[in-house]
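Just so it is clear, none of the values below were taken in a lab; they were calculated from the coordinates. The shown structure was predicted, so the numbers you read here are calculated from the model rather than taken from an experiment. Heads up, the Cβs are rebuilt from the backbone with ideal geometry, glycines too, and the neighbour counts pull from every protein chain shown.
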Amino acid sequence: MKIANHKLVHDDGTPYPFKASPNLGGPILSHDYLIIHYTEGQTVKGAVEWLTSHESKVSAHLVIGRDGSMFQLVPFDRTAVHTGRSQWQGRKGLARYSIGIELDNAGKLSRKGVKWVSGFGKAYPESDILEGVHKFGARKYGWHMYPQAQLEAAAEVAAVLVREYGIGEILGHDDIAPKRKWDPGPAFPTDQFRATVAGMLTAAQQG
């Protein structure tokens, strides 16, 4: 994959699915951060519909399905509405300095009897859940796990974005809005993800 005119395309130039969100701002001031989110929803289709609706007032540059499918909603040179109140190392309002990726994921779940239940009321099997405490929390919850296909797709596009725009840091929404936001949560392997992206970049340079 590669980037052409700030949109994601396949190596042969064929564009990835693009559905324009009305929820966007002006030009990104500088591409310093890549912010990882979870959708906290049931399906990738539902997430795309919500993030491209006027009603939601929010957006992201990319949404990645659990099967690795990708949908772009905002060009990479425009500000998506994905960070809200946020700060990192003294800088505030990070939407103007970042690209946002949403991963299709149910998010934080609570134990109801023998089941793990999402905030929207759907029960998930034990095999899909990581039980743990968030790095900024104190209570145990269930966290919807990320399939390998989704993580691989996210790492691939992250490497392309870092290389294209010179992005310096990969962060979670919870890093820039601690205790207000919990995504991508403990089930997202942040350190491993960063290492994978770094390895892809090194391999590309050597190749």
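Some points to look at:
- Helix-only arithmetic for the chain: the sum of -39500 (n - 2.57) across DSSP H runs with n ≥ 4, divided by the residue total, places the mean residue ellipticity at 222 nm at -7000 deg cm²/dmol.
- Helix screen, the chain: DSSP H segments with Cα axial length of 18 Å or more and mean Kyte-Doolittle hydropathy at least -0.5 are 148-165, 190-206.
- Lysine pairs with alpha-carbon atoms under 19 Å apart, segment 16-174, spacing 8 or more or separate chains: 11
- In units of the compact-protein estimate 2.2 N^0.38 Å, segment 2-200 shows a Cα radius of gyration of 0.98.
- Using Cβ point charges alone (K and R +1, D and E -1), the dipole size of segment 50-96 about the Cα centre works out to roughly 320 debye.
- Relative to the current alpha-carbon distance between residue 148 and residue 204, full extension at 0.36 nm per residue lengthens the span by 18.0 nm.
- For the chain, the relative contact order comes to 23 percent (Cα pairs under 8 Å, sequence separation of at least 6).
- Cα shape, segment 1-74, gyration tensor, a/c 1.5 rule: oblate
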